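Readers should treat all values here as calculations from the given coordinates under stated rules, not as data from a laboratory. Everything numeric in this text was worked out from a predicted model, so none of it was measured. Cβ coordinates were reconstructed from backbone atoms using ideal geometry, including for glycine residues, and neighbour counts include every protein chain displayed.
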Amino acid sequence: MSDQVATPLDVIDAAIAERLLSAALGSGGDYADLYFEYRSGADFVFEEGRVRTVGRGVTLGLGVRVLRGDATGYAYTEELSDERMLEAARTAAQIASSGGAPAPVAITPIALPNFYAIPRPSLEHPGAEKVELLRRADKAARAADPRIVRVEASLSEEWKEVLVVSSDGRLARDRQPMLRFNVSAVAEEGKQRQGGRSGGAGRFGMEYFLRPGQSPEEHGREAARLAIGMLHAVDAPAGTMEVVLGAGESGILLHEAVGHGLEADFNRKRTSNYTDQLGQPVASALCTVIDDGTIDNARGSINVDDEGNPGRRNVLIQDGILVGYMQDRISAKHFGSDPSGNGRRQSFRHEPLPRMTNTIMSPGQDDPEDIIRSVKRGVYAKHFSGGQVNISNGDFVFSLTESYLIEDGKVTAPLKGVNLIGNGPDVLRKVTMLGNDFKLSDGTWTCGKDGQSVPVGIGTPTMKIAEITVGGTRTS
Amino acid sequence: MSAATPPMSTSSVTKPARRRPLPDPKACQRLAEQMLALSMAAGADGAEVLVRDGTEMEVKIRLGEPELIKEAGSRALGLRVLKDHRAAVTYTSDFAPDAMERLARETVALAALAEPDPTGDLPAREEMAREVPDLDLWDEALLSVDVAEAIRRARVAEAAARKLDARITNSEGAVFGSSIGASAFATSAGFSGSNRGTHASLYVQPIADDEGGKKRNGSYWTASRYIGALLDAEAVGVEAARRTVAKLGSRKIATCEVPVVFSPEAARGLLGQFAGVMSGGAVWRKSTYLAQREGTEVASNLVEIVDDPLLRRGPGSRPFDAEGLASRTNVLVAGGTLRAFLCDVFAARKLGRRSTGSAGRGIGGGPHVSTSNLILRAGRTPAAELEKLDRGLYVTDLMGFGFNAVTGDYSQGAAGFWIERGERAFPVSEITISANFDDLWKGVDALGDDLDTRSSVQTPTFRVAKMTVAGK
């Protein structure tokens, strides 16, 4: 871990924090916390064989939260002057209008694990090194096939530092690196044109590019391969059928089908279709689903959540039985459980919510080849672009960007982009085979909820769903 | 919901002693011009500065009680400099004089990492806007809407939703939000201007219990730049509840090909995606299926689409674009024929034409093509007439991201109502609809008279003659 990066948060001490917390609780309230955030980021865009723009930015701010019961008062400022910080504290205080506040507690730093120790932040490396990576990706994508007519590569990096101080005396400071690399390619053949994309992300420094499969060349070639492969894609079928979801990115299914529904706020408010289901079977007995914020260098990992609780590995579904929700402070208090390290926020401008970190399915026993062989007619889904869920009724969709028809147990024609739609609890009960090939996706996944975006990770083994609706155009 | 929380008295909401000053366009403009001067002094050949200052308030009421009260202000600056035809973009929220000077120097130095491309140079001086029209985007009355008033409106709306029908058993709450913003733009190409605007909205989302333990949510909202133009809070709540209970008993239907009617809410996303494939940026990047289609038929002859930044009180109105060019109304599609690609200066140069004044930008990024008020012109048919179908689907909600701009292949999750013999027979969910965009837009066979003007993407109800519906 590189602790030597000096940031404006260095000057925030216990005395300042105590003064602000006391102002925040000046109108009453049960609890208050301060969230100081410093972000330094850069991005590079390479297209048409040259660096088109380079960007650089720094943000700094403080979010103040006051809780009274389940109610939140929130305010923020990006000017860290005494006057503005106190104003934010007093503004957040308006949720409470009377009554006492807890007595001040001495502030103690809490010790944190480190799931993303890196040799050196990428921002400390010269920009020219990053430009060279983009050039290599561009070159590899173009060299992959003469039908590649356009390539765009981008790299973005961020060094985020957070300092959480709470009225119950906790002080937690964390440094969270993030690196993202993306290559997209367009292939042309006659009048056909298709696009492909490959990318990866995680809490890494420049050592990321030395990992297997993550070199700029590999991302460049993969983007080209996807674009070329899609040139001869056929219309996807429409209707209900068997679907095999490949290892890794299929975690999007977990994220949408059960992940959001197991965020504790929806269950506390009884708006999730998993409300009151603790201890009940909610998935096939093959399924063990875990939200794990402790995976080394994963995009969704956190040493500490944005409420000052250490990141954790939480089992949500064990052998098909619902065993836990993802908690933030308000919900944990409601359920009388411990915070699970899932209180996250987009930035100092946002109040924390229960959010996923890395959501994964434990591996099963089946050989992935056997899973495909077991399907008479269906779809094999390999790459995904995203998904969405309606929490209340559990309906979710996810979009396939690389998928194939399965005919008589064999993977055949590539399919045009298509959506799958299902109902969360329903689909997880229909998981009939589970591969022994667990894979963590290293994709650039970002999750949105209530207008807030946070980085997340996903991972699964190969899975077979007995029945799900494929939203293609071919009805016969 | 914790029963231990005593009800909050709205009359005693406390106010912080010293308030952050109101966003001021002239103050933003002074900062923008100052940053511009610093950048030129630091050796830039050209520079553009955007400054934004805004305050926001958000109040959420759930089950009658405040769940969130949020108030804050925020100010930031975005800078783009050109040096030897190389571009760099930076941003900051630190307005200390030495920090601004340092940013100017660092940004000029950063540009050395980019590679020269004269296409990215600033626009010519003669392209610059000469005046800044007043588009009536600022409502003085909105400034006095405080937290207590926001709580009152949200409470009325949620209460109206909860009492409409006994099957409404829960609520995701009612949210009242307002924002007050100022912005300024200064460029060494010869323009400096400022703008200000207000906005308020009220959103209600009740939840009803359905059979089999399922829950159904529906929603309704009102929004305007003028507080007086918001719909009555009670009416918003009642409509949200009506839409929610209408979804009870939703079921899946069998896979079929039928006419599909899109509600204005659902249609908005389709129109946004359509504008995306008519963007000059997508055209030169070869990432749109319409790249070679200018002057040809891309939609049914009923379809007329404009982008109008000059709409008075429009949610997406802007008096000048993000490169300092005058805003103008652009016709994208007329009589079904593709008339123009929206362009910023870069896309225009790439395509050998003039910018359409359609540049937008955020604080942290350079200019890019963006729509302002994107409008699919209403037809003359009463919207209800569009449902006079023997059988068909009426879509109220779309889910997911199933659009491939390069090929036009489109597929999304959907919910709505099954239509039989001209009536909404029952609610439908867990289905997808799909078509190629070229067939979808050419298949528009009726446009309603009910243009929905609440957001910056505006459409009436419209109907597509045939789409694939995937279900059971």
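Residue selection: A:Val54 fails the criterion of being of a type in the set (A, V, I, L, M), in contact (Cβ under 8 Å) with a residue 12 or more places away in the chain and more than 9 Å from chain B (Cβ to nearest Cβ). Taking segment A:398-476 and the strands (runs of 3 or more DSSP E) fully enclosed by it, the elements with 3 or more residues that are more than 10 Å from chain B (Cβ to nearest Cβ) and closer than 27 Å to A:Gln277 by Cα are at A:431-434, A:446-449, A:457-460, A:463-471. Condition first: part of a strand (DSSP E or B), in contact with a strand residue (DSSP E or B) (Cβ under 8 Å, 6 or more places away or on another chain), over 17 Å from A:Val54 (Cα atoms) and not β-branched (Val, Ile, Thr). Can you find one or more residues in segment A:120-139 that meet it? Checking segment A:120-139: not a single residue is part of a strand (DSSP E or B), in contact with a strand residue (DSSP E or B) (Cβ under 8 Å, 6 or more places away or on another chain), over 17 Å from A:Val54 (Cα atoms) and not β-branched (Val, Ile, Thr). Here is the figure for segment B:356-368: residues that are surrounded by fewer than 23 Cβ atoms within 10 Å (Cβ to Cβ) and either within 12 Å of chain A (Cβ to nearest Cβ) or part of a loop (DSSP other than H, G, I, E, B) (or both) total 7. Per this entry, B:Glu131 is counted among residues that are loosely packed, with under 15 Cβ neighbours inside 10 Å and either away from chain A (no Cβ under 13 Å) or in contact with a Phe, Trp or Tyr (Cβ under 9 Å, 6 or more places away or on another chain) (or both). Of the residues B:Tyr226, B:Tyr203, the single one that is under 23 Å from the mean Cα position of the chain (by Cα) and within 14 Å of chain A (Cβ to nearest Cβ) is B:Tyr203.
Residues of segment A:83-121 that are free of Cβ contacts under 8 Å to residues at least 12 places away in the same chain and closer than 30 Å to B:Gly73 by Cβ: A:Glu83, A:Arg84.
Tallying residues that are under 30 Å from A:Phe266 (Cα atoms) and out of contact with any Phe, Trp or Tyr (no Cβ under 7 Å at 6 or more places or on another chain) within segment B:175-190 yields 4. Of all positions in segment A:238-248, none carries a residue that is farther than 16 Å from A:Val379 by Cα, within 13 Å of another protein chain (Cβ to nearest Cβ) and touching a residue at least 40 places away in the same chain (Cβ under 8 Å). Here A:Arg90, A:Arg68, A:Arg50, A:Arg56 are screened, and the one residue that is in contact with a strand residue (DSSP E or B) (Cβ under 9 Å, 6 or more places away or on another chain), under 30 Å from B:His85 (Cβ atoms) and of a type in the set (Lys, Arg) is A:Arg56.
Would you confirm, using the coordinates I've provided, whether B:Ser183 is out of contact with any Cys (no Cβ under 7 Å at 6 or more places or on another chain) and among the small types (Gly, Ala, Ser)? When the stated conditions are applied, B:Ser183 does not pass them. Is one or more of the residues making up segment B:388-396 within 24 Å of the chain's Cα centre (by Cα) and under 16 Å from B:Ser300 (Cα atoms)? Looking for residues that are within 24 Å of the chain's Cα centre (by Cα) and under 16 Å from B:Ser300 (Cα atoms), one finds none in segment B:388-396, hence no. Contact map, segment B:142-159: residues that are assigned to a loop (DSSP other than H, G, I, E, B) paired with residues that are surrounded by 23 or more Cβ atoms within 10 Å (Cβ to Cβ), Cβ distance under 8 Å, separation 6+ or inter-chain. Pairs shown: B:Val145/B:Ser178; B:Val145/B:Ala200. Among the conditions (1) in contact (Cβ under 8 Å) with a residue 40 or more places away in the chain; (2) of a type in the set (Asp, Glu); (3) more than 13 Å from every other protein chain (Cβ to nearest Cβ), B:Glu126 misses just one, which is (1). Whether any residue in segment B:91-103 is more than 10 Å from every other protein chain (Cβ to nearest Cβ) and touching a residue at least 60 places away in the same chain (Cβ under 8 Å) is what I want to check. Checking segment B:91-103: at least one residue is more than 10 Å from every other protein chain (Cβ to nearest Cβ) and touching a residue at least 60 places away in the same chain (Cβ under 8 Å).
Looking at segment A:170-269, the strands (runs of 3 or more DSSP E) lying wholly inside it that each contain 1 or more residues that are under 24 Å from the mean Cα position of the chain (by Cα), surrounded by fewer than 24 Cβ atoms within 10 Å (Cβ to Cβ) and among the basic types (Lys, Arg) sit at A:170-189, A:192-202.
Quick one: in segment A:58-103, of everything that is of a type in the set (A, V, I, L, M) and part of a helix (DSSP H, G or I), which residue is farthest from the other protein chains (Cβ to nearest Cβ)?
Here the answer is A:Met85.
Among all residues of segment B:284-306, there is none that is in a loop (DSSP other than H, G, I, E, B), crowded, with 23+ Cβ neighbours inside 10 Å and within 16 Å of the chain's Cα centre (by Cα).
For segment A:63-90, the set of residues classified as within 16 Å of A:Gly343 (Cβ to Cβ) and β-branched (Val, Ile, Thr) consists of A:Val64, A:Val66, A:Thr72, listed by residue number. Within the option set A:Gly417, A:Gly409, A:Gly435, A:Gly457, being touching a Ser or Thr at 6+ places or on another chain (Cβ under 9 Å) and on the phi > 0 side of the Ramachandran plot holds for one residue only, A:Gly409.
Here B:Gly228 meets the list (1) closer than 25 Å to B:Phe462 by Cβ; (2) out of contact with any Phe, Trp or Tyr (no Cβ under 8 Å at 6 or more places or on another chain); (3) not charged (D, E, K, R) almost entirely, failing just condition (1). With respect to A:Arg197, is the statement that it is within 13 Å of chain B (Cβ to nearest Cβ), touching a residue at least 40 places away in the same chain (Cβ under 8 Å) and among the basic types (Lys, Arg) true? Yes, satisfied. In segment B:264-322, what residues are within 14 Å of another protein chain (Cβ to nearest Cβ), among the aliphatic types (A, V, I, L, M) and within 24 Å of B:Gly366 (Cα to Cα)? Those that are within 14 Å of another protein chain (Cβ to nearest Cβ), among the aliphatic types (A, V, I, L, M) and within 24 Å of B:Gly366 (Cα to Cα): B:Val277, B:Ala282, B:Val283, B:Ala291. Evaluated against (1) more than 8 Å from chain A (Cβ to nearest Cβ); (2) assigned to a strand (DSSP E or B); (3) of a type in the set (S, T, N, Q), B:Thr119 falls short on exactly one condition, (2). Restricting attention to segment A:126-134, does a residue exist that is among the aliphatic types (A, V, I, L, M), surrounded by 23 or more Cβ atoms within 10 Å (Cβ to Cβ) and away from chain B (no Cβ under 13 Å)? Checking segment A:126-134: not a single residue is among the aliphatic types (A, V, I, L, M), surrounded by 23 or more Cβ atoms within 10 Å (Cβ to Cβ) and away from chain B (no Cβ under 13 Å).
Mind listing just one residue for me: the one in segment A:155-169 that is in a loop (DSSP other than H, G, I, E, B) and not charged (D, E, K, R) and, of those, surrounded by the most Cβ atoms within 10 Å (Cβ to Cβ)? Going through the qualifying residues, I end up with A:Ser167. Got at least one residue in segment B:212-219 being surrounded by 22 or more Cβ atoms within 10 Å (Cβ to Cβ), not in a loop (DSSP other than H, G, I, E, B) and not basic (Lys, Arg)? There is no residue in segment B:212-219 that is surrounded by 22 or more Cβ atoms within 10 Å (Cβ to Cβ), not in a loop (DSSP other than H, G, I, E, B) and not basic (Lys, Arg). Within segment A:45-54, can one find any residue that is out of contact with any Pro (no Cβ under 9 Å at 6 or more places or on another chain), within 30 Å of A:Ala141 (Cα to Cα) and aromatic (Phe, Trp, Tyr)? Within segment A:45-54, one or more residues are out of contact with any Pro (no Cβ under 9 Å at 6 or more places or on another chain), within 30 Å of A:Ala141 (Cα to Cα) and aromatic (Phe, Trp, Tyr).
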